[in-house]
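The structure appears right after this line, and notes come after that.
The numbers here are math on the coordinates, done by the rules we state, and not lab data. None of these values were measured; they are calculated from a predicted model. Note that each Cβ is placed from the backbone with ideal geometry, even for glycine, and that neighbours are counted across all protein chains shown.
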Amino acid sequence: MDIGAHVSTAGGIDKAIGRAVEIGAEAVQVFASSPRAWAFKPPTDQAVGAFKQGASKAKLGPTVFHAVYLVALGAPDEALLLKSMESLINYMQTAERLGASGVIFHPASHRGAGYEAVEAQMVGAVHQVLKSAPGKVWLALENSAGMGDHIGSRFEELGRLVKAINHPRIRVCLDTQHAWAANYDVASPRGLDETLKQFDKAIGLKLLAAVHANDSKTERGSGVDRHENIGEGTIGADGFSTILAHPALGKVPFYLEVPGFDNSGPDKKNIDILTRLRKEAGAAR
């Protein structure tokens, strides 16, 4: 189990490696562009080479990309749909160049139309993205917290979408805070066992490619997406001890997306807390 973090690529994508090493991250998640804009500039060959060399030297685990927040494959607006697909294609192609494992994206909202009304469009869009970005890189859907019309807060709905896509390069990312907000008990041993049984039945644990390790500012079942530092939220340190000890998650990389104790994003203190809890749980890298 690698304990990684989402780190900044300010100044160039290769700069992420030094930042990851500085906080003790064992794996890296990055944006390849601004997460709140469509503009995309592919990294130079020099930056790609520096990134790969740095990751190898630091012996980092899997690199993953997080897609921009604007992606909305269920949008009724054709222009927005096409921009979403183009963005994912850019990310998938860049991930392939950097030797990354995959790209994680939010299924986003059905805009009030209902899941059934947008399923075919989403399936077609994902297939087009994968066709336009051939290679080994997988594309992972992330569970949502349940706010508004967002797709995938229930494992059954996420599993239905995965099965409808039915592609060997499709995976799933489990966000602990989103699952907690969607009323899945991930904090107690019995609750986590039941949660992962439901995940396996609806989706399949073999498709779980990454865990976003985030504590929660809100109570279980709130439906609200609000991340907190590890041990400072309602999942708590004991909850993460339970998560880290579960055998079904033992080989899945974890990526922190927490605010940081100094509000500058995932930091060494959060990494150290998870690393200590992993050791106490008897898990190993």
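Below, the figures for the structure above:
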{"read-out": "Residue order, fewest to most surrounding Cβ atoms within 10 angstrom, among 131, 268", "value": "131, 268"}
{"read-out": "Ranking of 41, 269 by count of other Cβ atoms within 10 Å, fewest first", "value": "41, 269"}
{"read-out": "Spherically averaged projected area in nm², based on the convex hull that wraps the Cα atoms of the stretch 1-136", "value": "8.7"}
{"read-out": "The chain - share of DSSP beta bridges that are antiparallel (%, nearest 5)", "value": "10"}
{"read-out": "Normalised per residue, the volume of the convex hull around the Cα set of the chain (Å³)", "value": "113"}
{"read-out": "Cα-based Lys proximity count in the stretch 142-285, under 28 Å, for pairs eight or more positions apart or on separate chains", "value": "20"}
{"read-out": "Overall Cα dimensions of the stretch 58-103, principal axis frame, Å, largest first", "value": "43, 16, 10"}
{"read-out": "Most fluctuating residue given options 117, 237, 32, as computed from a GNM of the chain linking Cα atoms under 10 Å", "value": "117"}
{"read-out": "Between the stretch 142-212 and the stretch 246-285, the alpha-carbon center distance in angstrom", "value": "19"}
{"read-out": "Theoretical ellipticity at 222 nm over the chain - DSSP helices of four or more residues, -39500 (n - 2.57) apiece, nearest 500", "value": "-13000 deg cm²/dmol"}
{"read-out": "Most mobile listed residue (264, 109, 101) in the chain, GNM with C-alpha springs under 10 Å", "value": "264"}
{"read-out": "Residue order, fewest to most beta carbons within 10 Å, for 215, 272, 2, 77", "value": "77, 272, 2, 215"}
{"read-out": "Furthest towards positive pole of dipole, 47, 150, 187, structure part the chain, Cβ charges", "value": "47"}
{"read-out": "Equivalent ellipsoid semi-axes - Cα gyration tensor, the stretch 198-285, angstrom", "value": "21, 17, 12"}
